[in-house]
Amino acid sequence: MKDIFDKCKFGEFNLNSRIIRTGAWERQTEDGGFLSEEVFDRYEKMAKSGVGLILSEMFAFDPKDRFYEYSTNINYRGFIKDYKQITDICHNHDVPILGQLAFFYFDDGDNQKAEPNDLTIEGIRKLQAEVIMVAKKFSFAGFDGIQINMGNNFYLSRFTNPYFNQREDKYGGNTLNRLRIVLEIIQLIKKSIGFHVSCRINIEDVRNGGLTQEESMKMAKLLAENGADSIQITGRTISMKYDAAEKHVFLDYANKLAEEIDIPVILAGNLRDMKTMNNILNSSNVEFMSLSKPFVAEADFLAEWKENGEGTSRCKGCNNCYSKKESRCFQYED
Ligand SMILES: Cc1cc2nc3c(=O)[nH]c(=O)nc-3n(C[C@H](O)[C@H](O)[C@H](O)COP(=O)(O)O)c2cc1C
Ligand code: SF4
């Protein structure tokens, strides 16, 4: 029988469990933009509680590329100092940590919001170079790898999506061409840093003419064949529809994908109790699961689950933390 607290391999990493804490805007900064003590405490609690792997909050490259007014970027003054401290906390508890990168818009030098169709080849090279710079900076700060967010509604999800990309060069048209921008990035990171590269992808795009599940599956296979080390599955929006569904909406897809590729596949979203998660582990090919809001509700809840052999997150799913873009629970004071 598999259990969420199994010690296991995840690519080159040895994990303390199958549970992954997935990105959450930390936001709390003080003293000229440095992270507050609260964030370090949260990492200490998470890392100590039995989590297997941590994915950082999302970093942009360009300070102007803002998802929200307080979204962070890799070039803020305290980045190396703050994140060296955070990666040290994780490593002291044998927990690997990947830094997440996302472009919301992309500034190609001429246009601060260059659409996928408008990007010149020089613009594509600029974007790819920025990813490498981010990966290097992650590496200086002690991260064990990078996660490229090419899911949700971020720039690379739009670039790879036929709804947005009608380019007529080798970066548009068929699946391989639309994915080429990312495949080249993966190769560059592998050559220059040898980092773990994780990709966060959408299962589908619900717009007419957008990415279908069939094509998303094809893309995931191409990513795996071309050097990606793990794949996390998400949706275009973090929708209430997903929260309300009875069966996990990404499960069938994750099950099929995990059977077809030999890199770790991470099932994400709306996982709240240990029994359900162990049932998923023992009735599908899924081996890794990520959670976000449960860690916002209580950073060290896993310690109690582990001790009791059961548990349910106290997250009520009100979504206030998500709406307000804060890693703070609005239901509980502590
Ligand atoms: C406060 C908060 C911050 C988030 N920040 C990020 C982020 O930086 N990057 C990201 O990819 N997803 C982010 N998400 C989305 C989560 O990673 C996750 O996909 C989503 O919340 C669904 O998982 P859950 O049901 O376990 O919370 C955030 C979600 C919340 C609630
Ligand atoms: S604010 Fe709401 S959704 Fe966020 S962690 Fe707290 S209870 Fe869960």
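Numbers at a glance
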{"item": "Residue list for the stretch 277-311, filter: surrounded by fewer than 21 Cβ atoms within 10 Å (Cβ to Cβ), of a type in the set (S, T, N, Q) and under 23 Å from the mean Cα position of the chain (by Cα)", "result": "Asn278, Ser284, Asn285"}
{"item": "Residues that are within 20 Å of Ile231 (Cβ to Cβ), of a type in the set (Gly, Ala, Ser) and at pLDDT 95 or above, drawn from the stretch 1-58", "result": "Gly11, Ser17, Gly52, Ser56"}
{"item": "Subset tally (residues that are part of a helix (DSSP H, G or I), in contact with a helix residue (DSSP H, G or I) (Cβ under 9 Å, 6 or more places away or on another chain) and either more than 18 Å from Ala47 (Cβ to Cβ) or among the acidic types (Asp, Glu) (or both)) for the stretch 297-313", "result": "1"}
{"item": "Odd one out for Lys316 among (1) more than 11 Å from ligand 2 (Cβ to nearest atom); (2) at pLDDT below 95", "result": "(1)"}
{"item": "Pairs, first within 18 Å of Thr22 (Cβ to Cβ) and within 9 Å of ligand 1 (Cβ to nearest atom) in the stretch 312-329, second of a type in the set (Asp, Glu) and part of a helix (DSSP H, G or I), C-beta under 7 Å, six or more apart", "result": "Gly317/Asp243"}
{"item": "Any chance Leu156 is crowded, with 23+ Cβ neighbours inside 10 Å and in contact with a His (Cβ under 9 Å, 6 or more places away or on another chain)", "result": "no"}
{"item": "Residue that is over 25 Å from Thr234 (Cβ atoms) and either within 18 Å of the chain's Cα centre (by Cα) or crowded, with 16+ Cβ neighbours inside 10 Å (or both), where the choices are Gly123, Gly151", "result": "Gly123"}
{"item": "Residues (buried (at least 23 other Cβ atoms within 10 Å of the Cβ) and among the polar types (S, T, N, Q)) located in the stretch 126-148", "result": "Gln147"}
{"item": "Residues satisfying the stated conditions in the stretch 274-296, i.e. among the small types (Gly, Ala, Ser) and either outside any loop (DSSP other than H, G, I, E, B) or within 9 Å of ligand 1 (Cβ to nearest atom) (or both)", "result": "Ser283, Ser290, Ser292"}
{"item": "Candidates Gln100, Gln112, filtered to the one that is of a type in the set (S, T, N, Q) and at pLDDT 95 or above", "result": "Gln100"}
{"item": "Matching residues, the stretch 319-332, being surrounded by 14 or more Cβ atoms within 10 Å (Cβ to Cβ), more than 6 Å from ligand 2 (Cβ to nearest atom) and not charged (D, E, K, R)", "result": "Tyr322, Ser327"}
{"item": "Hits in the stretch 319-329 (condition: among the basic types (Lys, Arg), more than 18 Å from the chain's Cα centre (by Cα) and part of a loop (DSSP other than H, G, I, E, B))", "result": "Arg328"}
{"item": "Residues of the stretch 188-212 satisfying the condition of being farther than 22 Å from Leu55 by Cβ and surrounded by fewer than 16 Cβ atoms within 10 Å (Cβ to Cβ)", "result": "Lys191, Val206, Arg207, Asn208, Gly209, Thr212"}
{"item": "Unmet requirement for Thr237, which otherwise passes all of (1) away from ligand 2 (no atom under 16 Å from the Cβ); (2) under 30 Å from Leu188 (Cα atoms); (3) modelled with pLDDT under 95", "result": "(1)"}
{"item": "Lone unmet requirement of (1) of a type outside the set (Asp, Glu); (2) outside any loop (DSSP other than H, G, I, E, B); (3) within 16 Å of ligand 2 (Cβ to nearest atom); (4) touching a strand residue (DSSP E or B) at 6+ places or on another chain (Cβ under 8 Å) for Leu271", "result": "(2)"}
{"item": "All positions within the stretch 165-187 that are within 19 Å of Glu225 (Cβ to Cβ), of a type outside the set (Phe, Trp, Tyr) and surrounded by 19 or more Cβ atoms within 10 Å (Cβ to Cβ)", "result": "Arg178, Leu179, Arg180, Ile181, Val182, Ile185, Ile186"}
{"item": "Lys316 vs. criteria surrounded by fewer than 22 Cβ atoms within 10 Å (Cβ to Cβ) and assigned to a loop (DSSP other than H, G, I, E, B)", "result": "yes"}
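The values are calculated or read from the model by the stated rules, or taken from the named source; none is laboratory data. Just so you know, these numbers come straight off a predicted model, no measurement behind them. Every residue, glycine as well, gets a Cβ built from its backbone with ideal geometry; the counts of neighbours run over all protein chains shown.
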